[in-house]
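Undergrad: This is the structure I have questions about; it appears just below.
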Amino acid sequence: MAKHKRPKLAVWKFASCDGCQLSLLDCEDELLALAGEVEIAYFPEASRAMAPPPYDLSLVEGSITTPEDAERIHEVREHSKTLVTIGACATAGGIQALRNFRDVKEFTSIVYARPDYIDTLATSTAIAEHVDVDMELRGCPINKYQLLEVISAFINGRRPNVASHSVCVECKLRNTVCVMVAHGQPCLGPVTQAGCGAVCPAFHRGCYGCYGPQDTANTDSLGRAWLQAGKHPAELRRAFHNFNAAAEPFASAGSKHDQDHNG
């Protein structure tokens with residue numbers, strides 16, 4: 001009987017903190033089972049062994065922030081049959097996308113002794129703004145069980161079962177009292193995609209929006225609720241311009257309240 005050929009998995013890094021790649025390594029026991037189903041062909045974070053392309057499945061972490069990366073992502077796409085972006089950096093530009101709302105040249109002149117050595121783009125952008133992406137997996141960092149579900153679905157030729165509802169649903173599922181209603185705590189849960197298990201509200205803290213905007217996010221309604229509760233427009237701007245600053249509708253909502261604050 002012919003030996004079953006395992007699909008080749010590649011994991012790529014662009015501008016990021018490596019947290020989403022570490023989520024894969026954090027799978028521990030599950031990773032051993034995964035290694036039996038796929039060939040981990042390219043994963044510099046975990047191994048120096050590199051198998052040549054093409055790759056059946058590529059997981060891409062990080063945003064595009066340099067001219068070099070803007071070229072390299074096209075090579076990754078060319079070598080990948082299926083490309084899945086993982087994490088807020090890859091799906092929305094990440095925390096570094098805060099540069100998109102300011103002058104990056106001013107930042108580099110303040111931070112670096114020789115800013116003329118810095119070769120960077122004016123913006124930090126999601127992978128999907130440069131190449132075709134087959135699926136996006138949200139989170140900062142991603143949920144390792146959602147990642148395993150995506151890889152398992154790929155291996156078995158089915159559609160991944162990843163939640164698209166808001167964090168509010170997760171709060172209800174774990175019987176967590178609404179921090180906005182009960183305690184007046186600012187919370188992005190009503191407009192944020194589920195995936196974290198509503199960890200922050202479970203500890204009496206509002207959601208920070210780590211998983212980005214939910215598909216039907218009504219940021220205008222949430223903004224009015226925050227203002228009626230006595231919050232300052234600057235607080236809303238900081239809340240929306242966070243881990244997923246460049247993701248719509250967080251980007252436009254944050255900019256709107258920035259204008260309210262300044263004008």
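Undergrad: Strictly over 27 Å apart at the Cα level, which of 144/172; 172/231; 13/172 would you flag in this model?
TA: Correct reply: 13/172.
Undergrad: Relative contact order for the chain: what percent, with Cα pairs under 8 Å and sequence separation of 6 or more?
TA: Worked out over the chain, it gives 16 percent.
Undergrad: Place a +1 charge on the Cβ of each Lys and Arg in the chain and a -1 charge on the Cβ of each Asp and Glu, then give the dipole magnitude about the Cα centre in debye, rounded to the nearest 20.
TA: Numbers: 25 positive and 31 negative charges, 115 e Å.
With only Lys, Arg, Asp and Glu charged at Cβ, the dipole is about 560 debye.
Undergrad: Right, another one. Based on DSSP, what percent of beta bridges with both residues in the chain are antiparallel, to the nearest 5?
TA: 20
Undergrad: On to the next question. Show that you can apply the helix-only estimate: for the chain, add -39,500 (n - 2.57) for every DSSP H stretch of four or more residues, divide by all residues, and state [θ] at 222 nm to the nearest 500.
TA: Computed mean residue ellipticity for the chain: -10500 deg cm²/dmol.
Just so you know, all these numbers are worked out from the coordinates, no wet-lab data involved. Keep in mind it's a predicted model, so treat the numbers as computed, not measured. Don't worry about glycine lacking a Cβ; one is built from the backbone with ideal geometry, like all the others, and counts go over all protein chains shown.
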